[in-house]
Amino acid sequence: MKFIMSIDCGTTSERCMIFDHQLNIKAVSQREFRQIYPKAGWVEQDPGDIWETLLFVCRDAMAKAGIGAEAIAAVGIANQRETTIVWNRYTGEPVMNAIVWQCRRTASEAEKLKSGGYSEKIKLKTGLVPDAYFSSTKLKWILESDEIIRKSAENGELLFGTVDSWVIWKLTGGKIHATDYTNASRTMLFNIQDFNWDDDLLRTFAIPKSMMPSVHSSSGYFGETEDVVFGKPIPIMGAAGDQQAALFGQCCFEPGQVKNTYGTGGFLLMNTGKRPVFSSGGLLTTISCGNGGEPGYALEGSVFIAGAAIQWLRDELGIIENAAQSEELAMSVEDTSGCYFVPAFTGLGAPYWDQSARGAILGLTRGVGRSHIVRAALEAIAFQTEDILEVMRKDSGINISRLAIDGGAAQNNFLASFQSDISDVEIIRPSCVETTALGAAFLAGIGCGFWKDLDEVMGYCKADRTFTPSMSISKRSRFLSGWHDAVKRVLCN
Ligand code: ADP
């Protein structure tokens, strides 16, 4: 068996990649599926669409690769996290659409948790902050939406799952109801210190324990695909939430290693090893994929506006034609000429936590032109990332040894190089930027012995480019204090 099948169940599309032993991509298939917006702020998906799209891309990738199930050693799954699905264990029918992580319908429920004094308890048990993102309030909402649903749940007829559980259940023909530690840690129902569903939290949200999936290590045997799915059974040997899969796919196997995905927003995860670190700066504590398949821990933080600032320059200001052009413009000037851009379009997250802050471009003089502003926007992505890295350093007491980068804006060499300088870290940009899919493949491939160990896997991972810091300490601190002064000007707190 020569291949690993990696499935990435994303928020807007399903993707299947088939990797060979040396991590060459043998085939890829991707397809978007329907997003449903029933009301302002509500986001749903049809679990049937998720499953059918997944089946299509997997079969399509196999056809493109010209291989059958007998050539595939194992399947690994990475998925959009927190999205909540409830279905009937006998008929397999979902009771309603999936409530997607972005959906804000339970925001007031999350607020009630905060005002009711639950924040500290939730933080210690789950590593999370009360927010509508996580599954618990969504699941409670589903159970409360209809008396019949509540009764069937209490009678043990209904199952809960995040997207990984749903697709594992479908792939195995309804035999296996399981999730992995990383996905469980995003439900706000799982105790990340004793690795069990938390009875106290289940009671708080009035959720019958019989609905909950069994929780497995991210790497190891989940079950086998049913014959009719791919012609022959294939073992499912890996599953993880997308961000944790990306951390693993970026080979951040050691404590202190961090990955940042520069997409629309920025998603940072730091491996903190066997130790849960509870943040004083508002970061989340979450379960990561440990080196030997066992659960480990990570700190997670996000930058609300990263690549979106570049989109704004393109679409609203119209001063660049495309995102890639930002690199050449930024490099065409020596500096920003004292200009700072604080892209607080939707408020500021860690470490400022100011929802009311709004964006600003500061330090304008007659000599500031579009290249300076474009450069300031790219620098702002790096400054915001550094702000989170600094919280991670303080919270964990771990020195950050390297930053592995991916996502659309990671292609920008100016940004990567400036990030390296401003954070004083080595930056590694891998040649295969499909890190989420890679992570799922590693988990499955190591789980089934396709690869001997992580050292072997690392041997196949090539860096596209590394960036080493060369900025003097005095220059770095001048830049950072300029940035912090600019941020102070937009804060409303
Ligand atoms: P997402 O998955 O969040 O949709 P992607 O990883 O596809 O995001 O990245 C898209 C984002 O990256 C966009 O916001 C875009 O402006 C930005 N981007 C893409 N290429 C570049 C580039 N060369 N320089 C700077 N930003 C870029």
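Selection of region 389-416 for residues being in contact (Cβ under 8 Å) with a residue 40 or more places away in the chain and away from the ligand (no atom under 15 Å from the Cβ) yields L389, V391, M392, K394, D395, S396, I398, N399, I400, S401, R402, L403.
Could you tell me whether E386 is in a helix (DSSP H, G or I) and either within 14 Å of the ligand (Cβ to nearest atom) or touching a Ser or Thr at 6+ places or on another chain (Cβ under 7 Å) (or both)? When the stated conditions are applied, E386 passes them. Of the candidates T285, T264, the single residue that is within 27 Å of G76 (Cβ to Cβ), outside the structural domain of F190 (by TED's automatic domain parsing) and modelled with pLDDT under 95 is T264. Does region 344-360 contain any residue that is hydrophobic (A, V, I, L, M, F, W, C), surrounded by fewer than 17 Cβ atoms within 10 Å (Cβ to Cβ) and touching a residue at least 60 places away in the same chain (Cβ under 8 Å)? Scanning region 344-360, I find at least one residue that is hydrophobic (A, V, I, L, M, F, W, C), surrounded by fewer than 17 Cβ atoms within 10 Å (Cβ to Cβ) and touching a residue at least 60 places away in the same chain (Cβ under 8 Å), so the answer is yes. Scanning region 422-445 for residues that are in contact with a Lys or Arg (Cβ under 8 Å, 6 or more places away or on another chain), more than 12 Å from the ligand (Cβ to nearest atom), of a type outside the set (G, A, S) and in a helix (DSSP H, G or I) yields a total of 1.
Against the condition within 13 Å of the ligand (Cβ to nearest atom) and either under 16 Å from Y352 (Cβ atoms) or in the same structural domain as K259 (by TED's automatic domain parsing) (or both), how does Q419 come out, does it pass? Criteria met by Q419. Is it the case that some residue within region 408-415 is among the aromatic types (F, W, Y), closer than 18 Å to T264 by Cα and at pLDDT below 95? No, region 408-415 contains no residue that is among the aromatic types (F, W, Y), closer than 18 Å to T264 by Cα and at pLDDT below 95.
The strands (runs of 3 or more DSSP E) found wholly in region 241-356 and carrying at least 2 residues that are closer than 28 Å to V433 by Cα and within 12 Å of the ligand (Cβ to nearest atom) occupy 257-262, 266-273, 295-303. Could you please let me know if V368 is β-branched (V, I, T), surrounded by fewer than 21 Cβ atoms within 10 Å (Cβ to Cβ), within 16 Å of the ligand (Cβ to nearest atom) and part of a loop (DSSP other than H, G, I, E, B)? It is false that V368 is β-branched (V, I, T), surrounded by fewer than 21 Cβ atoms within 10 Å (Cβ to Cβ), within 16 Å of the ligand (Cβ to nearest atom) and part of a loop (DSSP other than H, G, I, E, B).
Working only within region 93-115, note down all residues that are in contact with a helix residue (DSSP H, G or I) (Cβ under 8 Å, 6 or more places away or on another chain), at pLDDT 95 or above and either part of a helix (DSSP H, G or I) or not β-branched (V, I, T) (or both). Passing the criteria: P94, M96, N97, A98.
A Cβ distance below 7 Å, combined with a sequence gap of six or more or placement on separate chains, defines the contacts here; from region 249-260, residues that are modelled with pLDDT under 95 and aromatic (F, W, Y) reach residues that are surrounded by fewer than 24 Cβ atoms within 10 Å (Cβ to Cβ) and assigned to a loop (DSSP other than H, G, I, E, B) in the pairs F253/N291. Reported count of residues in region 36-61, each being of a type outside the set (D, E, K, R), more than 19 Å from I72 (Cβ to Cβ) and without any contact (Cβ under 8 Å) to a residue 60 or more places away in the chain, is 6.
The values are calculated or read from the model by the stated rules, or taken from the named source; none is laboratory data. Keep in mind the model is a prediction, meaning the values are calculated, not measured. Heads up, the Cβs are rebuilt from the backbone with ideal geometry, glycines too, and the neighbour counts pull from every protein chain shown.
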